[in-house]
Amino acid sequence: MHVEPYLFFDGRCEEALEFYKKTLGAEVQMLMRYKESPEPAKPGMVPPGSENKVMHASVRIGDSRVMASDGQCAGQPAFQGFQLSITVKTEAEADRLFAALGSGGQVRMPLTKTFFSPRFGMLADKFGVGWMIYVAP
């Protein structure tokens with residue numbers, strides 16, 4: 001069994017993917033727009049004018065895969081009840097990622113030394129996705 005997160009950006013998926021490419025070195029492995037679907041969307045599934053929005057994307061971040069979509073394109077993404085965790089080898093890498101992901105976002109717990117890690121912090125990026133940055137001891 002393999003669990004992979006699927007993030008719905010509600011109309012900002014392409015912007016988010018570009019942000020993660022720059023900040024995390026993410027690699028978009030597959031991207032399909034609504035207009036490229038082999039089957040037309042059922043009435044009411046996609047708002048008019050959303051044909052160029054992302055129906056499905058598969059993104060490689062390090063050794064992990066994250067899937068993403070614009071979903072219903074309602075402009076109200078809600079990322080609640082979970083966070084994505086990134087484990088890095090060095091404090092310098094933690095500092096870099098925390099600053100990059102936090103740009104335009106909100107720090108939930110400043111990056112600091114804890115009893116379980118030389119550097120750990122939590123933030124929400126500018127899309128509202130929660131991240132935990134952790135340096136393995």
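The table that follows gives values for the structure above.
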| quantity | calculated |
| --- | --- |
| Selection within the stretch 6-16 - under 20 Å from residue 82 (Cα atoms), surrounded by 14 or more Cβ atoms within 10 Å (Cβ to Cβ) and within 12 Å of the chain's Cα centre (by Cα) | 7, 8, 9, 12, 13, 16 |
| Only listed residue being without any contact (Cβ under 8 Å) to a residue 60 or more places away in the chain, within 21 Å of the chain's Cα centre (by Cα) and surrounded by fewer than 14 Cβ atoms within 10 Å (Cβ to Cβ), chosen from 55, 30, 45 | 30 |
| Where a residue in the stretch 91-107 is under 13 Å from residue 24 (Cβ atoms) and its partner, wherever it lies, is open to solvent by 70 Å² or more (accessible area, probe 1.4 Å) and part of a helix (DSSP H, G or I), with Cβ under 8 Å and at least six apart | 100/22 |
| Matching residues in the stretch 17-26 - criterion: being surrounded by fewer than 13 Cβ atoms within 10 Å (Cβ to Cβ) and either modelled with pLDDT under 95 or under 16 Å from residue 7 (Cα atoms) (or both) | 18 |
| Segments classed as strands (runs of 3 or more DSSP E), wholly inside the stretch 31-137, with at least 2 members that are at pLDDT below 95 and among the β-branched types (Val, Ile, Thr) | none |
| Meets criteria (surrounded by fewer than 19 Cβ atoms within 10 Å (Cβ to Cβ), within 23 Å of residue 4 (Cα to Cα) and out of contact with any strand residue (DSSP E or B) (no Cβ under 6 Å at 6 or more places or on another chain)) for residue 89 | yes |
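Here is a yes/no grid of residues against (1) open to solvent by less than 30 Å² (accessible area, probe 1.4 Å); (2) within 18 Å of residue 132 (Cα to Cα):
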| residue | (1), (2) |
| --- | --- |
| 35 | no, no |
| 69 | yes, no |
| 100 | yes, yes |
| 105 | no, yes |
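The values are calculated or read from the model by the stated rules, or taken from the named source; none is laboratory data. For clarity, every value in this text was computed on a predicted model and none was experimentally measured. Using ideal geometry, Cβ is built from the backbone for each residue, glycine included, and neighbour counts are taken over all protein chains shown. With ligands, DNA and RNA removed, areas are computed over all heavy atoms of the protein, side chains included. Shrake-Rupley method; radii C 1.70, N 1.55, O 1.52, S 1.80 Å.
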